[in-house]
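Please treat every number below as a calculation from the coordinates, not as lab data. Because the structure is predicted, anything quoted here is derived from the model rather than measured. Glycine also receives a Cβ, built like all others from the backbone with ideal geometry; neighbour counts cover every protein chain displayed.
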Amino acid sequence: MNFLVGLLIVLINIVVLIFGSYTLIYYVASKKPQKQFDKKIFPKATLIIPFYNEEKTLKNKIKNLKEIDYKRDRLNILFVNDHSSDNSIKIIKKETKNFPFKCNIINNENSQGKSNALNYAFKKIDSEITIITDADCLMDKESITHLAQNFQNKKIGGVCARMVMAKPKNDHLTYSKEINYRFFYDIWRKGESNIDSISVCNGALMAFKTDLIKEAILTSEVDDTELIFKIIKKGFKIQYENDAIVYEVVPHKHSERIKQKMRRIRESFSSDIEKYKEQVNNLRLYLKEAEKRITQLEEEKNTKQKSNSKKKSGFNFFNKN
C-alpha cells in the first residue's frame, strides 16, 4: 500500500514537472511581441457560417456581423444550412435585408455534420482567404481585419482568433474554471505561434488561405484541429492572433459542459501523432533559438571585453609616453 502511495506521489510530481516546464517555456516564448505590419491590407474574403437549427442565436449573430469593420466590397458572408428543420433560414432572410455585405445561403448537399457542411462550402469559394465562424458566438468588429493582416507573411497558411468567455448572469463557478483554463490556453498558443505553429485551433473564429483548403476533405468532429494539420503538412504555419477576439458563452447546462469537455478530449487525441510532432518541433525550435541567443550574448560579451581591453591598453600606453 505504501509502495502504491509513493508511486502515485512520484507520478503526480512528474506530471506537475512536465506541465510546469511546458508552460514556462511557452510563457517565455509568448512574451515575444507580435509582428507589426507597415500597411493594412483587405484581401477578398468569404466568411462561412455553418448552422443547424440556430433560430435562437442567429438574430444576435447577424446583428454582430453588421458591425464588422472591413471593406464592404471585399467581404462576402456565406451561411451554410446543415439540414435545419426550424426557422433559421427565414430569420436569416429577414435579418439580412439592407445588409452591408454581400450575403448568400446555400444548403449542404452532403450528409449532415459540420465537417460535411464545410467540405461542401469550400468548393464554392473563390476568394483569397476563407474565414470560418460558429453561429452561436460573437466577434469584435475588427477581428477579421486583425486575422487578415497575418497573410502579409507568405509563410502563413492560417490564423486562429483568441477566445474570450462572456460572463454569464449565473454559474460563476463554471465561468471561473473556464477562465483558468483559458489563461493557460492563451499562454500555450501564443508561445507555439511565436516559435512556429499552434497545435490546437479554436474553431469559433479562424481564417485560411483558400487555395490550401479548397480541396480539403474533413472527416472528424474536430474539424478545426484536423484542418490546421492539413495545412501544416503543406509547409505553412498557423498563427494565433491575440488581437482578433471572439466571444463564447460558458455552457449553462451540465450536459452541455460535458459535451464541451468531451470535445476537448477528442481534440487532444485527434491527429495525435501530428499534433505531438508539432509540439516537439516547437520545443526543438525554441531550444535552438535559445541556444542561438546564448551564443549571441556570449559573442557580444567577448566583443565588449575586447573593446574595453583595447581602450585600457591604449590609455596605459598613452600614460607611459
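Computed quantities for the displayed model
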{"read-out": "Ranking of Thr210, Thr303 by count of other Cβ atoms within 10 Å, fewest first", "value": "Thr303, Thr210"}
{"read-out": "Gain upon complete extension [Glu109, Lys97; 0.36 nm per residue less C-alpha separation]", "value": "1.8 nm"}
{"read-out": "Ranked packing of 129-138, 47-56, 81-90, most packed first, by mean Cβ within 10 Å", "value": "129-138, 47-56, 81-90"}
{"read-out": "Interatomic Cα distance distribution for segment 80-223, bins of 5 angstrom, percent", "value": "2, 8, 14, 19, 20, 17, 12, 8, 2, 0"}
{"read-out": "Over segment 28-70 - Rg/Rh using Cα atoms and the Kirkwood inverse-distance radius", "value": "1.17"}
{"read-out": "Debye intensity ratio I(q)/I(0), log10, segment 1-80, q values 0.10, 0.17 Å⁻¹ (C-alpha model)", "value": "-0.63, -0.85"}
{"read-out": "³J(HN,Hα), Karplus 6.51/-1.76/1.60, whole Hz, each residue of segment 7-13, x for Gly, Pro", "value": "5, 4, 4, 4, 5, 4, 4"}
{"read-out": "For segment 1-139, the Rg and Dmax computed from alpha carbons only, in angstrom", "value": "22.6, 72"}
{"read-out": "Pair Asp136, Gln305: separation of 7 Å Cα→Cβ label points (nm)", "value": "6.2"}
{"read-out": "HN-Hα J in Hz across segment 30-39 - Karplus 6.51, -1.76, 1.60, θ = phi - 60°, x for Gly and Pro", "value": "5, 7, 5, x, 5, 5, 9, 9, 5, 10"}
{"read-out": "Under-5 Å amide H pairs with Val164, H placed in peptide plane, nonlocal only", "value": "Val246, Tyr247, Glu248"}
